[in-house]
Amino acid sequence: MPFTDDQIALAVQDFWGARSTGTQSAKHDKPFLKLIADGLDSLGWPSHIAQSFGDRGAVVAGHFRVAKSWDIVCRDPEGAPRICVEFKSQVDSYSNNENNRYEEALGSGLDIRAKHGSDTVLGFVFVICDEPATRSITRPRLPDLDPAFEHSSHVDRRRVFSERIVEYKLNGASLYDAAALLLVRRDGTFEHPDNPDLRLANFPDKLARAANDRAKRREKEAH
């Protein structure tokens with residue numbers, strides 16, 4: 001079932017509350033991760049949320065690197081990773097950390113696709129603070145700038161990134177199967193993106209449907 005705005009509002013409140021105590025333990029992300037994991041659980045995909053950096057239940061083997069710890073992992077009865085979710089949040093240092101956030105998500109997606117192909121369903125979630133600093137237009141001076149980035153803000157560029165990692169195909173499969181973007185404000189309110197395909201409320205359902213389709217395909221191929 002899709003999330004209600006009330007459920008998302010509670011996660012936003014808990015997110016800011018956890019951030020007020022610091023971000024080193026990554027507890028600020030847990031309210032959103034729990035919301036997503038509960039959604040996947042209800043759709044028949046028991047989820048494991050990474051509890052620490054060394055949490056083996058969240059670690060998935062890679063191709064270009066030994067392994068990567070994902071924020072949420074759903075496995076089949078044999079232990080194979082069938083759904084992996086990457087979560088990023090940003091409420092400050094927007095320009096300094098922008099490319100780092102993109103590169104981490106791109107590298108993780110490529111690594112899984114190279115190792116597991118399309119058998120593993122990938123999801124990406126970005127939560128960004130909605131404030132003047134992220135709504136202001138920046139103007140990179142590049143002669144070959146992609147038109148999508150002309151007169152864009154940080155919010156605009158996070159939206160474009162989230163859209164394109166699903167649109168982009170790698171060996172016939174989307175780099176990520178689903179993406180979600182949520183705009184949160186410091187007063188505890190939030191806003192959904194204009195693109196309905198990026199709404200957090202429908203995110204678990206998209207992942208579960210894709211995982212179910214892959215499971216049916218594997219079963220058919222096995223016979």
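The values are calculated or read from the model by the stated rules, or taken from the named source; none is laboratory data. It should be emphasised that the depicted structure is a prediction, and the values quoted were computed from it without experimental measurement. In this analysis, Cβ positions are derived from the backbone assuming ideal geometry, glycine residues included, and neighbour counts consider all displayed protein chains. These area figures cover heavy atoms from the full protein model, side chains too; ligands, DNA and RNA do not enter into them. Shrake-Rupley method; radii C 1.70, N 1.55, O 1.52, S 1.80 Å.
In the stretch 115-148, how many are farther than 23 Å from residue 210 by Cα and among the β-branched types (Val, Ile, Thr)? I'd like the intermediate steps shown before the answer.
Just the residues of the stretch 115-148 that are farther than 23 Å from residue 210 by Cα, to begin with: 128-148.
Okay, now just the ones that are also among the β-branched types (Val, Ile, Thr), so 128, 134, 137-138.
Final tally of qualifying residues: 4.
Any residue in the stretch 190-209 that's farther than 24 Å from residue 13 by Cβ: show its pairings with residues that are assigned to a helix (DSSP H, G or I) and not basic (Lys, Arg) at Cβ separation under 7 Å, as long as the two are six or more apart or on different chains.
195/163; 207/40; 208/40
What number of residues in the stretch 114-139 are more than 18 Å from residue 102 (Cβ to Cβ) and either of a type in the set (Ser, Thr, Tyr) or touching a residue at least 60 places away in the same chain (Cβ under 8 Å) (or both)?
6
Within the stretch 30-56, which residues are open to solvent by 20 Å² or more (accessible area, probe 1.4 Å) and assigned to a helix (DSSP H, G or I)? Before the answer, list the steps.
Step one: of the stretch 30-56, the residues open to solvent by 20 Å² or more (accessible area, probe 1.4 Å) are 30-31, 34-35, 38, 41-49, 51-56.
Residues satisfying the conditions are 30, 31, 34, 35, 38, 41, 42, 56.
Within the stretch 139-162, identify whether any single residue is of a type in the set (S, T, N, Q), touching a Phe, Trp or Tyr at 6+ places or on another chain (Cβ under 7 Å) and closer than 16 Å to residue 175 by Cα, and answer yes or no. Step through it out loud before you land on a result.
So the first thing to find is which residues in the stretch 139-162 are of a type in the set (S, T, N, Q), and the list is 152-153, 162.
Pick out the ones that are also touching a Phe, Trp or Tyr at 6+ places or on another chain (Cβ under 7 Å) and you get 162.
The next check asks that each one be closer than 16 Å to residue 175 by Cα; those that pass are 162.
Within the stretch 139-162, one or more residues are of a type in the set (S, T, N, Q), touching a Phe, Trp or Tyr at 6+ places or on another chain (Cβ under 7 Å) and closer than 16 Å to residue 175 by Cα.
Tell me yes or no: at least one residue of the stretch 181-198 is more than 28 Å from residue 46 (Cα to Cα), open to solvent by less than 70 Å² (accessible area, probe 1.4 Å) and in a helix (DSSP H, G or I).
No, there is no match, as no residue in the stretch 181-198 is more than 28 Å from residue 46 (Cα to Cα), open to solvent by less than 70 Å² (accessible area, probe 1.4 Å) and in a helix (DSSP H, G or I).
Which pairs turn up if I take residues in the stretch 89-110 that are free of Cβ contacts under 8 Å to residues at least 12 places away in the same chain and assigned to a helix (DSSP H, G or I) and look for partners that are of a type in the set (Val, Ile, Thr) and open to solvent by 70 Å² or more (accessible area, probe 1.4 Å) with beta carbon separation below 9 Å, at least 6 apart in sequence or on another chain?
Every condition considered, no pair remains.
In the stretch 161-176, what residues are part of a helix (DSSP H, G or I) and either among the polar types (S, T, N, Q) or open to solvent by 10 Å² or more (accessible area, probe 1.4 Å) (or both)? Even if it seems obvious, please write down each step before you answer.
Start the filter on the stretch 161-176 by keeping residues that are part of a helix (DSSP H, G or I), which leaves 161-167.
Matches in the stretch 161-176: 161, 162, 163, 164, 166, 167.
In the stretch 167-206, what count of residues is obtained for those that are within 11 Å of the chain's Cα centre (by Cα) and among the polar types (S, T, N, Q)?
Residues that pass the stated criteria total 0.
In the stretch 199-214, what count of residues is obtained for those that are in a helix (DSSP H, G or I) and open to solvent by 80 Å² or more (accessible area, probe 1.4 Å)? Can you show your working first?
First, the residues of the stretch 199-214 that are in a helix (DSSP H, G or I): 200-214.
Of the ones still in play, those that are also open to solvent by 80 Å² or more (accessible area, probe 1.4 Å) are 209, 213.
Selection size over the stretch 199-214: 2.
Return the residue satisfying two criteria in turn: it lies in the stretch 67-88 and is part of a loop (DSSP other than H, G, I, E, B) and closer than 22 Å to residue 218 by Cβ, and of such residues it is least open to solvent (accessible area, probe 1.4 Å). Let's see the steps before the verdict.
Initial filter on the stretch 67-88 (part of a loop (DSSP other than H, G, I, E, B)): 70-71, 76-80.
Then keep just the ones that are closer than 22 Å to residue 218 by Cβ; that gives 70, 76-80.
Details: 70: 2, 76: 29, 77: 128, 78: 154, 79: 34, 80: 28 Å².
Here the residue is 70.
Exactly one of (1) assigned to a loop (DSSP other than H, G, I, E, B); (2) of a type outside the set (Gly, Ala, Ser); (3) modelled with pLDDT of 95 or more; (4) surrounded by 15 or more Cβ atoms within 10 Å (Cβ to Cβ) is unmet by residue 64. Its number?
Against the list (1) assigned to a loop (DSSP other than H, G, I, E, B); (2) of a type outside the set (Gly, Ala, Ser); (3) modelled with pLDDT of 95 or more; (4) surrounded by 15 or more Cβ atoms within 10 Å (Cβ to Cβ), residue 64 comes up short only on (4).
What is the one condition in (1) within 16 Å of residue 178 (Cα to Cα); (2) open to solvent by less than 20 Å² (accessible area, probe 1.4 Å) that residue 91 does not satisfy?
(1)
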